[in-house]
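Worksheet: one structure, shown below.
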Amino acid sequence: MKEGKILKELLQDFAEIKKHSLVDGELWRASYTKEDQKVKEYLTAMMRTKGFIVSQDALMNLLGQIEGRESDETILVGSHLDTVKNGGEFDGLYGFLAGIYAIENLVKVYGQPKRSLAVVGFMEEEGSRFTSGYIGSRAIVGELKDSDFAEVDRSGTSLREAVKLAGGKPSECISAKRLDIKAFFEVHIEQGPVLEQSGKQIGLVESINGLRILQITVRGRQDHAGTTPMGLRKDALLHACKIISNMDRLTENTISPSTATVGELLLKPGSSNVVPDFVQFTVDIRSSDSEAIKYIVCGISKIAETIKHAGLEVKIEVIADEPPIQLDDDLLKANEMICKEEGYSYFVMNSGAGHDAQVIAPHIPSALLFVPCVGGRSHTPEEAMTEVSMMDGIQILSRVLYDQAW
Ligand SMILES: [Zn+2]
């Protein structure tokens, strides 16, 4: 592999794509926008020069295909093309480009593969325009329903209109479903500090964390802050804090690692001299172990009961619930062997963030490989990768794809 040449081209691609992805000076490549279209035009031209057959499916997922010579089975590799608002350059896009460069190089060295290979750039994984996210990957596995197209973005444009305006065919959504895919590989930056701190080159993901988001509402009684003795109050915030201040204790007690985050909190009436009677907050709970998630939810419910005994109302609603996803064990073991044989240090780990691989994995054997990002920073303009990590991911992916397709 001519590493210097690949790295030079890759860095040029990132720089060019960044230029096409700026909205008011911030990097934001939302799906079905003119930024998305410009980047796809750039990638289409680039893939054609490298010998890929380029197409877009009904949902506008970008696909680059290399036909196999013996079989109608396809090995799929890729990641998402969209970014969060004011996001980073490498989240998603790195996995797409790693697929392109790995396959281009393999074809140059070994000629036409036995099995077909396809690189996919998924639409709208992040949910930064249409909140539910994973639109492209759900279409590929046939999980996108007609009712999903009614979802609207902040400006009131529905997914159906957005796809149509961009040139896609929402009514032909089912045609995006692929039955020829035998395995899926996604390479992604870790987006956290665990891999970098481990000092290893490659993260082999065995499971993607489950997620449950609770919305908790505590209703007490509004009173005068100066005249109401402490013992006679029904202060909604003081009681909400009994739940919030137990997040560290509850997560420390789970057998598998877990997190619980209160990221939104609304307080009413919101006046310095009034005892608050209304607090609403979210708790984002994640773990690779569904028992850990259950344990934390159960702990919160027990505290809620004590608040009710004090005469306040507590309502707990589940606003998101995604189970933990196990990635394919055989592919994980094969990738461990590859890392050993190629002399790469590796770390078997969970993913704290969601990825397209979690949508594909219940349908098609899937593997998710991480490379470190600098300081674990992601979803920020400061997101960065070292050149060494960029090439490590491409090298390992090349060997994985060689074993699968040649
Ligand atoms: Zn991503």
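The values are calculated or read from the model by the stated rules, or taken from the named source; none is laboratory data. Note that the structure is a prediction, hence the values are computed from the model and not measured. Please note: Cβ atoms are built from the backbone with ideal geometry, for glycine as well, and neighbour counts cover all protein chains shown. With ligands, DNA and RNA removed, areas are computed over all heavy atoms of the protein, side chains included. Shrake-Rupley method; radii C 1.70, N 1.55, O 1.52, S 1.80 Å.
Worth pointing out:
- Residues of the stretch 254-273 satisfying the condition of being surrounded by 15 or more Cβ atoms within 10 Å (Cβ to Cβ) and not in a loop (DSSP other than H, G, I, E, B): Ser258, Thr259, Ala260, Leu267, Lys268
- Of everything in the stretch 99-134 that is of a type in the set (D, E, K, R) and farther than 30 Å from Lys169 by Cβ, the residue that is most open to solvent (accessible area, probe 1.4 Å) is Lys108.
- Filtered residues of the stretch 146-188 (kept if among the basic types (Lys, Arg) and either within 16 Å of the ligand (Cβ to nearest atom) or surrounded by fewer than 21 Cβ atoms within 10 Å (Cβ to Cβ) (or both)): Arg154, Arg160, Lys164, Lys169, Lys177, Lys182
- Qualifying position, being over 30 Å from Ala98 (Cα atoms), buried (at least 22 other Cβ atoms within 10 Å of the Cβ), more than 28 Å from the chain's Cα centre (by Cα) and of a type in the set (D, E, K, R), among Asp223, Asp277, Asp235: Asp235
- Residue in the stretch 119-135 that is in the same structural domain as Ala176 (by TED's automatic domain parsing), farther than 17 Å from Gly92 by Cβ, over 17 Å from the mean Cα position of the chain (by Cα) and not hydroxyl-bearing (Ser, Thr, Tyr) present: no
- Taken over the stretch 122-148, the residue count meeting the criterion of being more than 13 Å from Leu81 (Cβ to Cβ) and charged (D, E, K, R) is 5.
- Residue within the stretch 194-204 that is under 30 Å from Val359 (Cα atoms), in contact (Cβ under 8 Å) with a residue 12 or more places away in the chain and in contact with a Ser or Thr (Cβ under 6 Å, 6 or more places away or on another chain) present: yes
- Residue list for the stretch 324-341, restricted to those being open to solvent by less than 90 Å² (accessible area, probe 1.4 Å) and either away from the ligand (no atom under 16 Å from the Cβ) or farther than 28 Å from Glu291 by Cα (or both): Pro324, Asp328, Asp329, Leu331, Leu332, Ala334, Asn335, Glu336, Ile338, Cys339
- Condition check for Ala367: away from the ligand (no atom under 13 Å from the Cβ), open to solvent by less than 50 Å² (accessible area, probe 1.4 Å) and under 25 Å from Thr83 (Cα atoms): yes
- Restricting attention to the stretch 64-115 and to residues that are β-branched (Val, Ile, Thr) and more than 14 Å from the ligand (Cβ to nearest atom), the residue that is nearest to the chain's Cα centre (by Cα) turns out to be Val77.
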